[in-house]
Amino acid sequence: MISFQHATVTYPGGVHALRDITLDVPAGQLIVVVGLSGAGKSTLIRAINGLVPLTDGQVLVDGVSVSGASRRELRDLRAGVGMIFQNFNLTKRTSVLNNVLMGRMHYTPWWRVMTGVYRSADREIAMQALERVEIVDKAYVRASNLSGGQQQRVGIARALAQQPKVLLADEPVASLDPPTSHVVMRDLQRINRDLGITTLVNLHFLDLARRYGERIIGLRAGRIVFDGKGEDCDERVFRDIYGRSLTADDVLEARPQL
Amino acid sequence: MTTTKAPGADVRRQPGARPRKPRRYGAWLLNGAIIVAFFWAIGSLEDLGLADLIGAPAKMWDIFGLMFSPPDWSYFPTAMEGMVESLQIAWIGTMIAAAASLPMGFLAAKNVTARVGSTVTRQVLNAIRSVPELILAIVFIPIVGLGAVAGALAIGVHSIGTLGKLSAEAIEGIDTGPVEAARATGASQAGVMRWGVLPQVLPEIVAFWLYRFEVNIRAAAILGIVGAGGVGSVLQNTISFRRWDKAGMTILVVIVVTVLVDATSSAIRRRLIRGSTAATASDPTTEVVA
Amino acid sequence: MRWTTPAAVVVAAAITWWSASEDFGIGLSLEEIASNFTRARPIIQEFLDPQWSYWPAIVDPFMETVKMAIVAAVIGCGIALAAGFLASKVTSPNTVTYLADKGVLSVLRSIPDVLYALVFVAAVGIGPLAGIMAMVFFNIGIVAKLLSETVDAVDLGPIEAARATGGSRFAAVRTAVFPQVLPNYLAYSLYVFELNLRASAVIGIVGAGGIGQLINIERTAFRYDRLAVIIVAIFVIVFVVESVSIAVRRRLV
């Protein structure tokens, strides 16, 4: 489904975010990407929908090259890739439903977007997305009035409304408390299993990664240092990824054991 | 983690029934009111002459061409003379307002003056502010005669309103430490104001004065249309007698001089003080929105 | 700061002396002003004794002023919505558009409202149309600038989210930026409506319709008792609208 071929990203100023990444993600997998902040996790995810352009190599999504795409093609590609953000990135001053309808924008003529009058079929898709994350009762509430966990579920619904083939989640639980983090992670797991959407999640908590990841990718300084099953990801592997021993900050449950 | 039950599994969620779409009467009412008011206003304006609008862009283009291709350079001294007088009017007006607004600012500050006194002063300042300079000029002209003095007085009086209000706000934002220190020495109320309060707020207030000077230049450039001195009368004469090349020259002088003085004044303001409203309100045409 | 403060005081004093002097400046003399105020006592008395029975004559021109202010604010703010988004780096499609729009707006703002009125009266003739056109330009400059500064400060997260769904730039602006700045935009619109009421009193003097035209008639007829009625009316209306507008704007933002 997603294929990185020698993908390299160097930011202006000389920071090497990704170095020669080659990686294949089969359809339907739930992959967790772990690593320190600055290891290139966010860049890796954003390279898939072209929010960060590659400086070298290429990324193929469903056979389409991200860097080779025209603006129009890139937007078509993005429409098939849902994204979830650390800070939810909701438009807070408008309703939950309007936020979710953003996921239908790509399929909606400009005048409907301008007037905010979406087709009833699109509204139905948005409602169903909200139902899937069990927050449909808040559809007409202002996004700013929701708790962090609720906002993140709206973020997931927005991505689902795109009816995507791929779901990208950039540190989806970093702004949430531990119980809410599990709720959100289980939502993602359920969506991955029920809908078969290929899912990539960035996490920095290792215990969450092991619990939910079918496959774990360890990134360090822009390179893949681990690629395997959760159970193989032990203390030794951890030191490779983090370059130091495990501390309380690296796990969600505040106990430095795996 | 001994149990297989995932942590957080006990977090309950409300079963979701789809809510009914709430009617947003407020938004509809506002949109409706604006649309109705707009068409009512257009429909009921007599002699609007919307037909004139059709030829207007072409006509404006013509006028623009006549003004600036090229402007009448020989008219520069006349235009410049008027603009210098406008600058002088603006400066004197600002000085009058500065002198009068400083005590008014103290009187209007809630942390310095008793509640009743400050509220009354504030209302007086608001009242002064709501009469435009040009109207004040119309009042002053029959009293002190046609000319720049009437203009300077008009600008001076009008600016007392804004400057007094801004000064009061600056005084209300002071650090109370030095005030207490001055009071502890047994100083009189006047002494406390002079040595405890004034040194703290003066840079900010002087920045407000300069800012107001920039605003006043614009006002002083048009006062001439009622005979209160400055470049305004030159503008009016050249435009109403359709001497477009001379009008173009005058407009050019007004814009260039305004921009130059603005740049100088705001550079001084920025050096005087950083980070306050006086320094950040960098464009005098968009006055501080309350 | 040690030597600059006295130097600044000296420079300011010199500018003041130069501006006030009889020979180089405006000829400001306190004695003269004082004696003028004494001699002008009859005129002052006329101002202080308004001819209240005159008020029905000012109703129609005042309604005209209000209508002009509404029409100009609606058109001006509508145009400013587009101009404001194009003048922010966040929402402008490219640097050329951004710089060009910013440049045009700063020229628009450097021209006083009365100057617009003078030119439009010359172009389309005396009457409210010229006044409306003048206020439209005046409003575009102000609202677009304030709006673009608000847009500069929006939360960029929702824009990234909108782009990630495959939305166009326009769609992102509409769904991710517009809701964030809407309350401010409404506040600015109300603010310029209020400015228009004040401005129309002034631009009418050069023939652009509204109450200002009546001011001009009474002014040239030396009817200070009537002028006083008009001034009181302007004062009351501006004061009331401003108080309401400030209260509403506080609630909006």
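Here are some notes:
Every residue, every condition in (1) in the same structural domain as C:F178 (by TED's automatic domain parsing); (2) modelled with pLDDT of 95 or more; (3) more than 19 Å from B:I225 (Cα to Cα); (4) not hydrophobic (A, V, I, L, M, F, W, C), yes or no:
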{"site": "C:C77", "(1), (2), (3), (4)": "yes, yes, yes, no"}
{"site": "C:K89", "(1), (2), (3), (4)": "yes, no, yes, yes"}
{"site": "C:P93", "(1), (2), (3), (4)": "yes, no, yes, yes"}
{"site": "C:V107", "(1), (2), (3), (4)": "yes, no, yes, no"}
{"site": "C:Y116", "(1), (2), (3), (4)": "yes, no, no, yes"}
{"site": "C:A122", "(1), (2), (3), (4)": "yes, no, no, no"}
{"site": "C:I140", "(1), (2), (3), (4)": "yes, yes, yes, no"}
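- The one condition from (1) farther than 19 Å from B:S233 by Cα; (2) more than 9 Å from chain C (Cβ to nearest Cβ) that B:S130 does not meet is (2).
- Inspection of segment A:164-181 identifies at least one residue that is surrounded by 19 or more Cβ atoms within 10 Å (Cβ to Cβ) and assigned to a helix (DSSP H, G or I).
- Test: residue in segment B:116-127 that is buried (at least 22 other Cβ atoms within 10 Å of the Cβ) and out of contact with any Cys (no Cβ under 7 Å at 6 or more places or on another chain): yes
- Any chance B:A109 is more than 10 Å from chain C (Cβ to nearest Cβ), in contact with a His (Cβ under 9 Å, 6 or more places away or on another chain) and surrounded by 14 or more Cβ atoms within 10 Å (Cβ to Cβ): no
- Subset of segment A:118-142 (residues that are in a loop (DSSP other than H, G, I, E, B) and away from chain C (no Cβ under 12 Å)): A:R119, A:V133, A:E134, A:I135, A:A139, A:Y140, A:V141
- Identity of the residue in segment C:7-39, closer than 15 Å to B:T94 by Cα and hydroxyl-bearing (S, T, Y), that ends up nearest to the other protein chains (Cβ to nearest Cβ): C:S19
- Applying a threshold of 6 Å to beta carbon distances and a minimum spacing of six or more residues, or different chains, the list of pairs starting in segment A:213-225 at a residue that is in contact (Cβ under 8 Å) with a residue 60 or more places away in the chain and among the charged types (D, E, K, R) and ending at one that is assigned to a strand (DSSP E or B) and surrounded by fewer than 24 Cβ atoms within 10 Å (Cβ to Cβ) reads A:E214/A:L30; A:R215/A:I31; A:R223/A:R19.
- Every test in (1) surrounded by fewer than 21 Cβ atoms within 10 Å (Cβ to Cβ); (2) modelled with pLDDT of 85 or more; (3) not aliphatic (A, V, I, L, M) is passed by C:P6 save one, and that test is (2).
- Helices (runs of 4 or more DSSP H) fully within segment B:119-238 counting 1 or more residues that are of a type in the set (S, T, N, Q) and closer than 25 Å to C:P112 by Cα: B:148-172, B:198-220
- Some residue of segment A:214-229 being out of contact with any Asp or Glu (no Cβ under 8 Å at 6 or more places or on another chain) and among the basic types (K, R): no
- Scanning segment A:113-137 for residues that are of a type in the set (G, A, S) and over 16 Å from A:I156 (Cα atoms) gives A:G116, A:S120, A:A121.
- Selection over segment B:240-254 of residues that are modelled with pLDDT under 90 and part of a helix (DSSP H, G or I) gives a count of 1.
- Residue check, C:F222 surrounded by fewer than 24 Cβ atoms within 10 Å (Cβ to Cβ) and more than 14 Å from chain A (Cβ to nearest Cβ): yes
- Segments classed as helices (runs of 4 or more DSSP H), wholly inside segment C:87-174, with at least 3 members that are touching a helix residue (DSSP H, G or I) at 6+ places or on another chain (Cβ under 7 Å), more than 14 Å from chain A (Cβ to nearest Cβ) and buried (at least 24 other Cβ atoms within 10 Å of the Cβ): C:113-124, C:128-152
- Considering A:R142, A:R93, the condition of being basic (K, R), under 21 Å from C:A164 (Cα atoms) and not assigned by TED's automatic domain parsing to the domain that holds A:I2 is satisfied by A:R93 alone.
- Flag for B:G196 being at pLDDT 85 or above and either in contact with a helix residue (DSSP H, G or I) (Cβ under 9 Å, 6 or more places away or on another chain) or surrounded by 22 or more Cβ atoms within 10 Å (Cβ to Cβ) (or both): no
- Counted residues, segment A:222-258 - those being modelled with pLDDT of 90 or more and at positive phi: 1
- Considering segment B:245-265, and only residues there that are buried (at least 18 other Cβ atoms within 10 Å of the Cβ) and facing chain C (nearest Cβ under 9 Å), the residue that is farthest from C:V119 (Cα to Cα) turns out to be B:D262.
- The residues of segment A:227-247 that are touching a helix residue (DSSP H, G or I) at 6+ places or on another chain (Cβ under 9 Å) and under 11 Å from A:L206 (Cβ atoms), listed by number, are A:G230, A:C233, A:F238, A:I241, A:Y242, A:L246.
- Of all the residues in segment A:198-224, those that are surrounded by fewer than 18 Cβ atoms within 10 Å (Cβ to Cβ) and among the hydrophobic types (A, V, I, L, M, F, W, C) number 1.
- Single condition C:I26 does not satisfy, out of (1) surrounded by 16 or more Cβ atoms within 10 Å (Cβ to Cβ); (2) assigned to a helix (DSSP H, G or I); (3) hydrophobic (A, V, I, L, M, F, W, C); (4) not assigned by TED's automatic domain parsing to the domain that holds C:A130: (2)
- In segment C:107-142, the residues that are of a type in the set (G, A, S) and within 23 Å of B:D262 (Cβ to Cβ): C:S110, C:A117, C:A134, C:G141
- Taking the criterion of being within 22 Å of C:M63 (Cβ to Cβ) and either surrounded by 13 or more Cβ atoms within 10 Å (Cβ to Cβ) or of a type in the set (A, V, I, L, M) (or both), the residues of segment B:40-55 that qualify are B:W40, B:A41, B:I42, B:L45, B:L48, B:G49, B:L50, B:D52, B:L53.
- When A:M114, A:M105 are checked against the criterion of being of a type outside the set (G, A, S), farther than 19 Å from A:A169 by Cα and surrounded by 18 or more Cβ atoms within 10 Å (Cβ to Cβ), a single residue qualifies: A:M105.
- Here is the figure for segment A:24-61: residues that are part of a loop (DSSP other than H, G, I, E, B), surrounded by fewer than 22 Cβ atoms within 10 Å (Cβ to Cβ) and within 14 Å of chain C (Cβ to nearest Cβ) total 3.
- Put simply, of B:L48, B:L30 the only residue that is under 30 Å from C:I132 (Cβ atoms), within 10 Å of another protein chain (Cβ to nearest Cβ), not in a helix (DSSP H, G or I) and not acidic (D, E) is B:L48.
- Test: residue in segment C:156-166 that is farther than 30 Å from A:F85 by Cα and charged (D, E, K, R): no
The values are calculated or read from the model by the stated rules, or taken from the named source; none is laboratory data. Predicted model only: the values in this text are computed from it and were never measured. Reconstructed Cβ throughout: ideal geometry from the backbone, glycine too, with neighbour counts over all protein chains shown.
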